[in-house]
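Contents: one structure, followed by commentary.
Every read-out reported here was derived from the displayed coordinates using simple, explicitly stated rules and does not represent laboratory data. Bear in mind that the values here come from a model prediction, so they are computed numbers and not experimental data. Virtual Cβ from ideal backbone geometry, glycine too; neighbours counted across all protein chains shown.
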Amino acid sequence: MISFLSIFSYQFFQNAVVAGILCSIVCGIIGVIISEKKLVMMSGGIAHASYGGVGLGYLIGIEPIIGAFLFSVGSAIGIGFLKRNGRFRSDVLIGLFWSFGMALGILFITLMPGYPPEISSYLFGSILSVTNSDLALMTSLTILVILPVAMLFNHWKAYMFDEEFATVMGLKTTIMEYVLFILIAMSVVVLIRAVGIILTLALLTAPTAIAGLFTKSIGSRMVLSAIAGAFFCLAGIFLSYILNIPSGAAIVIFTAIIFLLVYIAFNLRIKNRTPLNN
Amino acid sequence: MHPENQNALALNINNLSVKYGDTPALSGITLKVNAGDYLGVIGPNGGGKSTLLKAIMGLVKTASGNIKVSGHTPGYLHKNIGYVPQTSDVDKSFPINVQEVVLTGMLVRGFPIFRKYSQKEKEAADNLLNEVGVYALKKRHIKELSGGEFQKILIARALAVNPGLLLLDEPTSSVDANSRDQIYNLLETLNARMTIILVTHDLLAISAHVGVLACLNRQLVYHGKAELNSEIVSNMYNCPVDLIAHGVPHRVLKEHVHD
């Protein structure tokens, strides 16, 4: 037990716990919004497009996470603009940005002189190797996600519930949509270090879906979703450390198993409550 | 409606055309609605009824023509328009209770940070719920409501800004007969203080409730007294029609006479 608790004395583990909590906060907030606005695939598109930024970061010698941030924000604004002003369906645009970003990432890394860098931590996450500078960026982005949502909470609620009516009432829903896309992009960057580009959708959706089974208001859904996300992240970190398996995969597999168990238990409870119709 | 406003124009549409891409949705619509009118808009599916409402609210770009709501361009006077969308366009699984739905109708313009609903606003929301007859449901989650109850709550939300012009998009399309009568009675009461434009497929409502009728099939086929005749309906649907159910015209075969 003592040796188990001693892992908390390691800096890398403390960083991982803080990173897990930051991830769960953005998942709790943004996960609920993208779930209600049906923007899950959009979030996937933004996450994968950020890979181009990781590749560019390596190529030009800046922090890959900064490149990921610039690409994810750029793709979020690009998708939003073309969706509003173009003639293409949003799923077509998302598919294009998704593939184009990944392709650019591969191209940039191929263009690098010498041996290719280790990029699996950006693709699949490596929460146990989060540095202090990563944490500083993640903390800043988490605050930038929380503030606009908290400051205009009732406006976001009206926007999520009925966007057309909110527009009729004079709310600037176009601005809100762009802000939301940028918040999604920032959340993706926070999540990349924990679970990686490819696995972000699991943390954005599963805690929210579980919270949705037990809550009847947006605020409580965000709080419960954040708590569930923190539980999944911390459990995944422990499993990763104890079993010596990749942290991103550990978090996502644990999340998916718990989600399935909760889903089955919830449906059994509903089934047992429902009287049979003869 | 105050006597001095009786003759004012609540809505003035001049030669309005709207296109979705290259497809015309509305063409050359000219329509004047007096303050205090109760206008029913009917027409086939795809005839542009909902587009007309969106154009009045400034939600779609116009290809030509102009619209004035109480003398102003759409989008200028948000507080003057109350809008009741089709219930099918609103997500009933969204985690929100009845009182909160009505309160969202009070978030007009601007981004005041950390805005909380005041006690006065909550009382106003309760009064609106009372007016539409669903006050007892104010703490219920919306997914627990019937179609008729939900429709009344959307009407209460539209009334939150005390609008001069109330637009309703098929408010009786998913409600039972009892709720439908209650909604029409409510609209007649509201018409005493506001202009109403009602888009509907419910032809029974036309003769029984509305004061003025507009028939729309991308063009304005008819505008006048709320008296339907077979010539108007045939022009509107481009085919002989005896009955319209859920927006689809039907030919009802005459009963066979057996020898």
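Observations on the structure shown:
- For the segment A:151-161, counting C-beta atoms of other chains within 10 Å of every residue's C-beta and taking the mean gives 6.
- Segment B:3-250 - convex hull of the alpha-carbon atoms, volume per residue in Å³: 140
- Cα-based shape type of segment A:12-153, given that a ≥ b ≥ c are square roots of the gyration tensor eigenvalues and the cut on a/c is 1.5: oblate
- Within 10 Å of the Cβ of each residue in B:115-125, the mean number of Cβ atoms contributed by other protein chains is 1.
- Tail fraction, Cα-Cα pairs, segment A:117-169, threshold 15 Å, whole percent: 66
- Built from the Cα atoms of segment A:26-80, the convex hull projects on average onto 3.7 nm², one quarter of its surface area.
- Rounded to the nearest 20 debye, the dipole size of segment A:2-273 about its Cα centre is 760 debye, using +1 on the Cβ of Lys and Arg and -1 on the Cβ of Asp and Glu.
- Share antiparallel - DSSP beta bridges, the protein assembly as shown, percent rounded to 5: 60
- Residue ranges B:132-138, A:144-150, A:52-58 sort as A:52-58, B:132-138, A:144-150 when ordered by packing (mean number of other C-beta atoms within 10 Å per residue, highest first).
- Across the alpha-carbon atoms of the protein assembly as shown, the computed radius of gyration and Dmax are 27.7, 99 angstrom.
- Among A:Y178, A:Y115, A:Y241, residue whose mean-square fluctuation peaks in a GNM of chain A (springs only between Cα atoms under 10 Å): A:Y115
- GNM remark for chain A: springs join alpha carbons under 10 Å apart, and the peak mean-square fluctuation among A:L199, A:L22, A:L152 falls on A:L152.
- Divided by 2.2 N^0.38 Å, where N counts the residues, the Cα radius of gyration of chain A comes to 1.04.
- Projected label points at B:N162 and A:S9, each 7 Å from Cα along the beta carbon direction, are separated by 7.0 nanometres.
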